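The values are calculated or read from the model by the stated rules, or taken from the named source; none is laboratory data. Because the structure is predicted, anything quoted here is derived from the model rather than measured. When we count neighbours, we look across all protein chains shown, and the Cβ atoms used for this are built from the backbone with ideal geometry, even at glycine. The area values use the complete protein model at the heavy-atom level, side chains included, leaving out ligands, DNA and RNA. Shrake-Rupley method; radii C 1.70, N 1.55, O 1.52, S 1.80 Å.
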Amino acid sequence: MDYGRFFEDAVAAIRNEGRYRVFADLERQAGRFPFAHHHTPRGRREVVVWCSNDYLGMGQHPATREAAVDAVMRLGTGAGGTRNISGTNHLHVMLEEELADLHGKQAALVFTSGYIANEATLSTVAKLLPDCVILSDSMNHASMIEGIRMSRCPKQVFRHNDLEHLESLLQALPRDRAKLIAFESVYSMDGDIGEIEAICDLADRYGAMTYLDEVHAVGLYGPRGGGVAEQRGLMDRLTIIQGTLAKAYGCMGGYITASSAIVDAVRSTAPGFIFTTSLAPAICAAATASVRHLKVSQTERTKHQERAATVKRRLKAVGLPVMDNPSHIVPVLVGDPVRCKQATDLLMERHGIYIQPINYPTVARGTERLRITPTPVHDDRLVDHLTEALLDVWQTLDLHRTQPTAIAAE
């Protein structure tokens with residue numbers, strides 16, 4: 001068998017579909033976010049990043065950076081092993097205490113990424129429950145889908161945010177059968193928000209556990225950054241809340257918060273936790289500083305929401321096809337993978353704007369888009385630049401537009 005040819009053909013097929021992914025060689029500049037250096041064969045140039053998940057710029061915040069540097073100087077760089085084998089540092093314990101407090105839960109457990117947190121927890125919790133069935137929102141993240149698959153438990157997928165469909169599935173199950181409803185708060189590609197309260201009502205009515213992924217909401221919503229569940233006063237009604245340290249908190253890693261019994265069960269049995277080297281002390285220190293800062297500071301959250309609303313308003317006003325949603329995500333529909341990649345290439349080449357194309361399998365075919373994520377430091381000048389650049393690209397590629405409206409007063 002020609003193994004090399006097999007993989008070459010696989011990549012060629014991806015290229016032919018227009019969804020081959022090219023990584024931009026970027027060098028972020030500490031203290032100058034959202035500016036970065038783009039390294040190319042032709043040399044280095046400065047670009048503006050408009051698609052970072054560092055939603056609040058906390059990866060550049062002085063408190064976060066200083067905590068990381070101090071930890072390196074005191075404790076070194078590596079974690080030393082898995083949490084069981086010399087890899088538990090006091091900073092891990094402090095971070096988990098902060099996270100448990102953030103969500104009003106008894107305990108928390110930190111993982112190396114949000115993906116691993118979902119995969120390890122969902123597969124472990126469902127597997128431990130006798131004859132458990134998992135009910136999963138159809139728009140759940142790939143990490144949740146993989147965790148559910150690895151549990152080897154029966155699953156039932158309900159239509160996205162469709163409460164009637166979810167209830168019909170619950171009604172068909174025995175009342176005393178173990179059930180776990182898995183869903184998200186902010187769905188990161190469309191930017192819509194899960195029906196948290198209504199799903200909790202159904203869980204109570206039919207005897208189900210709830211698992212809420214808040215990765216695109218923690219730090220951003222709620223009076224202390226506890227996410228949409230905190231904003232709506234619902235954290236105590238959720239069995240497990242999962243989050244990340246890699247987005248609004250500007251660091252790395254994922255976590256779960258729940259009762260002590262659930263966290264201990266996952267800690268004791270999840271392979272994705274047991275056999276993985278723990279987060280480096282510097283990451284834990286930076287994340288702890290970031291969580292603590294955003295528990296008390298409203299400045300970043302308030303400015304972030306204002307910037308997201310401003311960008312949506314400006315782009316809609318000039319007729320660009322912004323997909324409506326109530327969150328901070330700004331998706332602009334293209335609807336074709338090749339043209340989506342062409343649009344992002346033109347933005348980079350002509351205008352020095354970095355936005356990655358979002359194509360299948362991240363989103364469904366025919367819904368390819370640009371996913372724009374404004375931050376508190378994208379000022380009016382940068383918003384003007386983005387608007388003009390997008391208009392130029394849309395005109396050059398003759399992309400679909402909506403009916404322009406009068407530009408609202410800034």
Given [x] 61, 59, 56; [y] 72, 53, 47; [z] 78, 60, 51, which label gives Cα extents along the principal axes in Å as computed from the coordinates? [x]
Roll a 1.4 Å probe over the protein chains and send me the accessible area per residue for the range 11-78 in Å². 59 Å²
Residue-span extension gain [Asp201 to Thr88] - 0.36 nm each, minus C-alpha spacing: 36.9 nm
I need the shape label for the range 1-159. Rule: rounded when a/c is under 1.5, else prolate if a/b > b/c, else oblate, with a, b, c from the alpha carbon gyration tensor. oblate
How much length, in nm to one decimal, is gained on full extension between Glu146 and His37, taken as 0.36 nm per residue of separation minus their Cα-Cα distance? 35.7 nm
Residue by residue, what Karplus-based ³J(HN,Hα) values in Hz, rounded to whole numbers, does the range 214-227 have, using 6.51, -1.76 and 1.60 with θ = phi - 60° and x for Gly and Pro? 10, 4, 9, 10, 5, x, 9, 10, x, x, 10, x, x, x
For the range 194-264, what is the accessible area per residue in Å², given a 1.4 Å probe and the full set of protein chains? 28 Å²
Taking every DSSP beta bridge with both residues inside the range 136-239, roughly what % is antiparallel (nearest 5)? 10 percent
Compute the distance in nm between two label points, each set 7 Å from the Cα along the Cα-to-Cβ direction, one at Asp380 and one at Leu163. 4.1 nm
Can you tell me, using C-alpha contacts under 8 Å and at least 6 residues apart, the relative contact order of the chain as a whole percent? 21 percent
Answer rounded, prolate or oblate for the range 317-410, using the Cα gyration tensor with square roots of eigenvalues a ≥ b ≥ c: rounded when a/c is under 1.5, else prolate when a/b is larger than b/c, else oblate. rounded
5 angstrom amide H check on Leu135, placed H, neighbours 5+ away: Gln156, Leu180, Ile181, Ala182
Relative contact order of the range 304-410: what whole-number percent is it, with Cα pairs under 8 angstrom and at least 6 residues apart? 38 percent
Using a 1.4 angstrom probe and counting only protein chains, how large is the accessible area of His351 in Å², to 10? 50 Å²
Could you state the angle between the C-alpha long axis of helix 299-317 and the longest principal axis of the C-alpha atoms of the chain, as a value from 0 to 90 degrees rounded to the nearest 10? 50 degrees
Cα gyration tensor, the range 49-112 - rounded (a/c under 1.5), prolate or oblate: oblate
Report the relative contact order of the range 257-338, percent, no decimals, based on alpha-carbon pairs under 8 angstrom and at least 6 residues apart. 14 percent
Expressed as a percent, the accessible surface of the chain that is carbon or sulfur, using a 1.4 Å probe and the full set of protein chains, is 54 percent
Work out from phi, with θ = phi - 60° and the Karplus expression 6.51 cos²θ - 1.76 cosθ + 1.60, the ³J(HN,Hα) of each residue of the range 105-114, listed in order in whole Hz, and give x for Gly and Pro. 10, 6, 8, 9, 9, 9, 10, 6, 7, x
Helix 62-75 against the longest principal axis of the chain: what's the angle in degrees, Cα atoms only, rounded to the nearest 10? 60 degrees
Excluding Cys251 itself, calculate the net charge of residues whose Cβ lies under 12 Å from the Cβ of Cys251, where each Lys or Arg counts +1 and each Asp or Glu counts -1. +1
How much area per residue is accessible in the range 286-410 when the probe is 1.4 Å and only protein heavy atoms are counted (Å²)? 42 Å²
In whole Hz, with x marking every Gly and Pro, tabulate ³J(HN,Hα) for the range 261-271 from phi via Karplus 6.51 cos²θ - 1.76 cosθ + 1.60, θ = phi - 60°. 5, 5, 4, 5, 5, 5, 4, 8, 10, 7, x
